[in-house]
1. List the DSSP H helices in chain A whose Cα atoms stretch 20 Å or more along the helix axis and whose mean Kyte-Doolittle hydropathy is at least -0.5.
2. Tell me the trypsin sites (Lys or Arg not before Pro) within the stretch A:90-141 that lie in a loop according to DSSP and have at most 14 other beta-carbon atoms within 10 Å.
3. Which shape class, rounded, prolate or oblate, goes with the protein assembly as shown when its Cα gyration tensor gives a ≥ b ≥ c as root eigenvalues, a/c under 1.5 marks rounded, and past that a/b bigger than b/c marks prolate?
4. Can you give the extra length, in nm with one decimal, that the chain gains between C:R2 and C:M183 once fully stretched, where that is 0.36 nm per residue apart less the Cα-Cα distance?
5. At a 10 Å Cβ-Cβ cut-off, how would you order A:T151, B:T91, fewest neighbours first?
6. For the stretch C:299-452, just say rounded, prolate or oblate: build the C-alpha gyration tensor, square-root its eigenvalues into a ≥ b ≥ c, call rounded for a/c under 1.5, and beyond that prolate if a/b exceeds b/c, oblate if not.
7. Kindly put C:T145, C:T6 in sequence by how many other C-beta atoms sit within 10 Å of each C-beta, fewest to most.
8. So what is the 222 nm mean residue ellipticity for chain C from helices alone, if each DSSP H run of at least 4 adds -39500 (n - 2.57) and you divide by all residues, rounding to the nearest 500 deg cm²/dmol?
Amino acid sequence: MYEARLLEHFEDMEKQRHAAKLGMWIFLGSELLFFNGLFTIYAFYRVAYPVHFRGAIEHNIKWLGTINTAVLVAGSLCVALAANFLRMGRRLIAVVLTLCTALAGVTYVVIKSIEYGIHFSEGIYPGGVGRFYQEHPEPGFKVFFTSYFATTGLHVIHVAGGVILLTWMAWWIHRDRVGPAGAYRLGIAGLYWHFVDIIWLFLWPMYYLLGAHTK
Amino acid sequence: MSTEEPVSSWLFLKVGLVIYALLILSFVLSYIEMGRWATPIALVIAGVQTVLVAYFSMELFLSRFSVRMLAIIAPLFVILLVCIAASDIATRDPEPMLVPLPTVEGSGGPPERIRGTHGVPMLGPTEPARPAIEGTLPPP
Amino acid sequence: MRNYLTEETTIWSWLATTDHKRIGLMFFVLTSLSLMVGGALAMVLRLEHLTPNYTIMGPQAYNQVFTLHGVIMVWFFLIPSIPAAFGNFFVPIMLGARDVAFPRLNLATVYIYIVGALIVFIGMVAGGTDTGWTFYPPYSSQTYTMLLPVLLGVFILGFSTILTGLNLIVTIHTLRTKGMGFMQMPLFVWAMYGVSVIQVIATPVLGMVLLLTTLDHGLDWGFFDPARGGDVVLFQHLFWFYSHPAVYIMVLPAMGVISDVIPTFAHKNPLSYKAIAYSTFGIAFVGFLTWGHHMFVSGMSTFSAGIFGVLSMFVGIFSAIKVFTWVGTLYKGSVSLKTPLFYVFAFLFLFVFGGMTGIAVATVSLDVHWTDTYFVVAHFHFIMVGASLTAWLAGLHYWWPKMTGRMYSEPWGIAAAVLVFLGFIATFFPQFLLGNGGMPRRYYYYPEKFWPLHVMSTAGSWVLGLGLVIALIYLSWSIFYGPKAPPNPWGGRTLEWTTASPPPTHNFEVSPTLGQGPYDYSRPIGG
């Protein structure tokens, strides 16, 4: 069975595992700060155009966004369980759960694409382009949807990346390249997915829930 | 070769249930008009969900001090940038740093809404014109 | 004996190396090349200002040259110069480790750097851009020059910076040798730790800003376009959230070098190890709270401006703690006057001078007068060149015997150091007077009353350039003809001086155990 071996410059396996984990956390900290720019754009423009933002949020479909939240949380739950089962040595269930997470990612991407399609059909495009803005010429609407497309677009790219990563992990577990002693690797891939989940837990209220309640 | 110790799978399931409960709570609350409280309440619920995901699913409860510190520090910098940038636009004067337009004869003073910082005209029409910069500026 | 240079000598062994020393050396070569390009552009700029009108190039070329000078010097030289070159090379050795935590990732940073540099180079050859290194909208969304390759190149380069920082943090956490706690690390390692944290936290925000600017410029999304509800000042918030801490990415490693060079040449323990280590983190943290002082006249609210003005002053406190500790270390030491120490003296003088003018420009009322004048240009060149470049030169001379195994010529070294110092003062001191007199930065034409000071500044740049060229010549000469260096030519106490010069591939013949603190000068070596 192939297992992670101790690299020569580490003192012991425990340190090597810690290094990998710490490295992933630092990377995720960096990723968080990458999204930070978009959070700041949202906060800044929301303070500048509170009424427009509440109006614009009503044009996002709340229940689709909520389903997507539930899907991502389910994926997050699956991958946490998968890593734990792998540590117990139950390889098959770990593979299935990891694939479930990847499937959740695919579902998310599909639903998000449908949402984008609906926006385009309503004439909402990034950059203040489209017939929607003739009915709503207020500047807050333009900047809201530009930031919406940029933020959710970047997030959906991250979800797609997670799908690839976890499918690959499932293959590795199946091929015996990651076993109980290397379970920390699945844990590290899982960290990425949890991070993507956490970002969406904030994007969901920002872009779906905090609207004007006109309907 | 050491292996990490597994924990009970029920732990993750329980945490998952709590996160779903909060998700439903947040969804229901979004239909209630709460005015200015809506944003902080929604963000606090998201924050609690995040803490649950980070502490249990991301296994901070099993992690070393250095990892935990990182998980605390990085969000602080997000809060820092978001809050300071938003406080700028929130505390800005309506027309910041705007120099009142020079008045056309007979139109009588600058419009009411144009004012400099703290409502004081910054370069009013009554002030003497600045002396021209010395030296010669060659033609471009 | 075999060392890391002679272990394998094929080209492939360099291209595919995971040895942190080779990677550090490659970064050293790459950043030095960038310094030459950026320096040549600076000389051209100064030459243009020799006369008030047209001297050697037109206004458009002038705009493009100062933009490229800024981009290359900031992102391709100053930011990676010490962390990626000396940091990669010496941090693992100082910790007693065999390599960094992620050697392959480390190799990737070199290639990411090269790709980013090539893309910027393509943009430069294809016409260059004229926005200034700050890329402010609305102009950056409208300029017809080759902005996209520059944005893209710097964006890619950011990954190199982040991954270097990530690697060094994990290395410091997991690869310290037996017996070395955090409080037994050399002060250079502390500085690298602080700077890595800033790199990891701040650089992604720059990445996002560049991405948004790319979308604005390339696809016309209008994030910062006031006609579509955007706000140009928001760009500045995001940009300076990175770019102010970036100043500390440039100057903290410099301080780390100084903190290591001074005890070695004073043969004396640092006055306070803890004061230097902790103030590093003080600067790193406070550096994140001060970005608004670049924006006092941009239309930011007066409330925010006041807060940023006060917070900016705090940097002065931590910097002063360091300066006093360094001077206190030198006091009553048995000082040996060698080239690195000459650069340290230059650093101390120029850093204090530049820092004090920094306190002055952080005062909102004064800054209104000085914003976008040569006063600010002179201030930040005192910090970036006067402090960071001289510290880089100090580190270069300090570690040259260890990196190459050869000694350089001491008299030439001192002569070059003196020329660099005098040339620097002659170049940038007149710029304070120019700025205070009202000369705006980035202007092509200037009134004749500023002529004498501009001539003085240009003449100074020649002296500064001469000093650097002399350094380049005698250092290159020493690689081939210099005398062989002993393992510990300066009598240093940190771990890199316990191994051979140049070090063997795995740094140490046997993994070192820490018998002595990093600066224990109270006992003889090994005692």
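1. On the way: long enough: A:13-48 (52 Å, 0.47); A:62-88 (39 Å, 1.22); A:91-121 (45 Å, 1.38); A:139-174 (53 Å, 1.00); A:183-204 (31 Å, 1.13).
Membrane-span-like by this criterion, though nothing is claimed about a membrane: A:13-48, A:62-88, A:91-121, A:139-174, A:183-204.
2. A:R131
3. Note, shape of the protein assembly as shown comes out oblate.
4. Contour length minus the Cα-Cα distance gives 61.9 nm.
5. Going from least to most buried by this count: B:T91, A:T151.
6. Oblate.
7. Details: C:T145 18, C:T6 12.
By the 10 Å Cβ count, ascending, the order reads C:T6, C:T145.
8. -21500 deg cm²/dmol
Just so you know, all these numbers are worked out from the coordinates, no wet-lab data involved. Computed from a predicted structure; not experimentally measured. Counting neighbours? That spans all protein chains shown, and the Cβs are built from the backbone with ideal geometry, glycine included.
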